[in-house]
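Input: a single structure, listed below in structure tokens.
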Amino acid sequence: MATIQIRNVGPLRDTGTIHLTRIMLLLGPQGVGKSTLMKILCFCRWIEKEVMLSPEKIAYYSRYKRFVKIMQRFHRLDDSFFSSSSEILYEGDCITIQWRGTKGKENAHIQQKAEFDRQRHNPKLSFLPAERNLASVVDNIDRSYRGNPAEDLLFNFILELTEARKPYNSKRPLPLSIDEDMSYFHSSGRDMIKAKEMNKSLSAYYASSGIQSAFPIDVMTSYLLSSIGRVPEMTADEIMRRFFSEGVPSDLREIHEGLSQLKKQYQYSSMQLYIEEPEQNLYPESQKYLLLNLLRAIYEAQERETAPSTLTITTHSPYLLSVINTQIAIGRAHKHLVGLEEGETKTRQLAALRELTSLGHYPQIEDYSAYFIGKDGRLKSLIDQEFPMVSGIELDGVSDWVDEYTNQIYDIIYGEDDEQ
């Protein structure tokens with residue numbers, strides 16, 4: 001299992017060792033470092049992907065402070081986020097990364113793990129920023145926005161979305177998870193939303209802010225899921241360079257084996273999604289449908305992946321926690337029923353449970369992790385192992401305030417009169 005630990009970066013003081021799971025939630029007030037943590041994690045995973053495809057890149061990212069410089073540029077992390085006491089420790093599937101901000105030693109120390117050659121794979125990664133609605137509210141943003149996709153998170157997302165929406169047109173729209181009566185398609189450079197009931201289409205430019213925020217998530221999720229098992233396009237020069245990187249084949253058999261190995265090495269092994277606040281501008285019920293669609297994609301990916309697919313999100317929404325807890329409860333119920341003796345009752349209960357789940361799988365608590373980041377920059381796990389569920393107490397401090405405030409009002413109105 002991969003892990004990461006971050007010390008003294010931005011508002012993060014010490015995350016402790018975070019074990020990466022299929023689904024990970026990061027919660028906490030504004031400005032405590034949720035996005036910072038997810039950006040650093042995504043960047044380390046991307047570096048690992050680069051090295052797994054081209055091991056010689058270890059030398060590139062280990063020199064001239066490139067590791068931290070590229071991360072700062074791409075994820076827009078200011079110099080003030082880093083100091084001499086900053087530290088990033090990442091242990092992935094195939095490599096380890098150690099970086100410290102100590103002056104004169106700012107180069108990352110990147111090493112292959114012993115099982116590198118056997119474990120290396122090619123995940124399809126995507127980071128969906130909070131600014132994703134810009135894709136529909138700025139005309140021709142892919143031409144209007146200038147930047148280097150290799151060095152800018154927002155521009156990279158715009159280019160990815162441009163590629164991801166190609167399959168969808170008026171005859172083959174993508175159903176939107178937040179409303180079964182709505183679908184998305186792309187036409188003449190414009191994002192369009194089709195309403196089934198009204199039998200008409202509307203430019204996403206004029207759609208609600210919730211739709212503008214949600215449709216890129218659906219499009220990118222579908223794109224990443226469909227990518228698993230596919231071999232990315234490469235130019236003839238790239239194929240030749242990679243094929244002959246370890247020497248010239250001696251015969252046709254060796255050429256055939258080499259090409260088969262190259263295909264296996266480069267085909268997408270899994271999907272890794274990183275999303276800032278998926279609930280942005282959405283009605284609670286729409287949040288439920290959006291998250292269920294994301295979870296469904298992660299579990300569907302299991303059917304074809306050769307490495308674990310993951311979903312990491314930052315959120316402020318108690319509704320998302322409630323949805324996840326219902327799925328964990330379904331998984332617990334299934335595990336309980338499977339352990340019972342065979343019989344008519346068990347068969348009936350399992351059938352009823354299959355009707356209840358919408359994921360096609362039975363999630364286990366081990367699939368999930370959730371952390372609350374406090375204003376002290378430290379993390380607290382929200383997984384309650386006793387019940388198993390994700391605790392939402394830290395997220396719902398407003399309810400305590402409402403109860404206390406209401407009690408004070410009632411005391412004023414209905415309390416005993418001291419003068420009587």
* Would you kindly give the portion of the calculated P(r) for region 62-113 that falls above 15 Å, as a percent of all Cα pairs? => 46
* To do: Sort out the exposed loop trypsin sites (Lys or Arg not before Pro) in the chain (DSSP loop, at most 16 other Cβ within 10 Å) and tell me the longest stretch that has none.
  => 231-303
* Asked: What percent do you get for the relative contact order of region 32-126 when only Cα pairs under 8 Å and 6+ apart count?
  -> 28
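Tally Lys/Arg at +1 and Asp/Glu at -1 over every other residue whose Cβ is under 13 Å from the Cβ of S177; what's the total?
Neighbour charge sum, excluding S177 itself: -4.
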* To do: Would you mind working out the magnitude of the charge dipole of region 257-385 relative to its Cα centre, with +1 at each Lys and Arg C-beta and -1 at each Asp and Glu C-beta, to the nearest 20 Debye?
  => 100
* Asked: Taking every eigenvalue of the Cα gyration tensor of region 147-226, multiplying by 5 and rooting it, what semi-axes result, largest first, whole Å?
  -> 23, 13, 12
* Structure fact -> Note on the chain: contact order normalised by length, alpha-carbon pairs under 8 Å, 6 or more apart, percent, works out to 20
* To do: Run the dipole for the chain about the Cα centre, Lys and Arg Cβ at +1, Asp and Glu Cβ at -1, nothing else charged, and hand back the magnitude in debye, nearest 20.
  => 2300
* Asked: Local charge sum around E277 (other residues, Cβ-Cβ under 12 Å, Lys/Arg +1, Asp/Glu -1)?
  -> -1
* Structure fact -> When the charge dipole of region 263-420 is computed with +1 at the Cβ of Lys and Arg and -1 at the Cβ of Asp and Glu, the Cα pointing farthest to the positive end, of Y268, Y283, G377, is that of Y268
* Find the Rg to Rh ratio for region 9-98, where Rh is the Kirkwood radius over alpha-carbon pairs and Rg uses the same atoms. => 0.95
* Roughly how many Å² of S286 are accessible to a 1.4 Å probe, to the nearest 10? -> 20
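Could you check what % of the DSSP bridge pairs in the chain are antiparallel, to the nearest 5?
Of those bridges, close to 60 percent are antiparallel.
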* Reduced Cα scattering model of region 41-184, Debye log10 I(q)/I(0), q = 0.22 Å⁻¹ -> -1.35
* Do any of K49/K375; K69/K105; K124/K200; K39/K375; K335/K380 go past 24 Å between their Cα atoms, and which? -> K49/K375; K124/K200; K335/K380
* Taking K and R as +1 and D and E as -1, what net charge do the other residues with C-beta under 12 Å from the C-beta of T310 add up to? -> 0
* Asked: Within the chain, what's the longest stretch lacking GluC sites (Glu not before Pro) that sit in DSSP loops with no more than 10 other Cβ atoms inside 10 Å?
  -> 116-179
* S188/R304 FRET efficiency (R0 35 Å; Cβ-Cβ; nearest 0.05) -> 0.55
* Structure fact -> Per DSSP, the loop-located chymotrypsin sites (Phe, Trp or Tyr not before Pro) within region 6-101 having at most 12 other beta carbons within 10 Å are Y64
* **the chain: Cα Rg divided by the 2.2 N^0.38 Å rule of thumb** => 1.11
* Asked: Hey, if we sort M389, M182, M38 by accessible area with the 1.4 Å probe, largest down, what's the order?
  -> M389, M182, M38
* Asked: In deg cm²/dmol, rounded to 500, what helix-only [θ] at 222 nm does the chain give when every DSSP H run of at least 4 residues adds -39500 (n - 2.57) and the total is split over its residues?
  -> -12500 deg cm²/dmol
* Asked: For region 56-98, which whole percent of the accessible surface, found with a 1.4 angstrom probe, sits on carbon and sulfur atoms?
  -> 48
* To do: Quick one: plug the Kirkwood hydrodynamic radius of region 327-399 (C-alpha pairs) into Stokes-Einstein at 10 °C, 1.306 mPa s, and report D in µm²/s.
  => 110
* Structure fact -> Highest GNM mean-square fluctuation among L350, L282, L161, for the chain with Cα springs under 10 Å, belongs to L350
* **Per residue, in Å², the accessible surface of region 283-364 once ligands and nucleic acids are set aside, probe 1.4 Å** => 52
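The values are calculated or read from the model by the stated rules, or taken from the named source; none is laboratory data. A quick note: this is a predicted structure, and the numbers were derived from the prediction, not measured. Here Cβ is always computed from backbone atoms with ideal geometry, including for glycine, and neighbour counts include all displayed protein chains. Accessible surface is based on the protein model in full, side chains and every heavy atom, while ligands, DNA and RNA are left aside. Shrake-Rupley method; radii C 1.70, N 1.55, O 1.52, S 1.80 Å.
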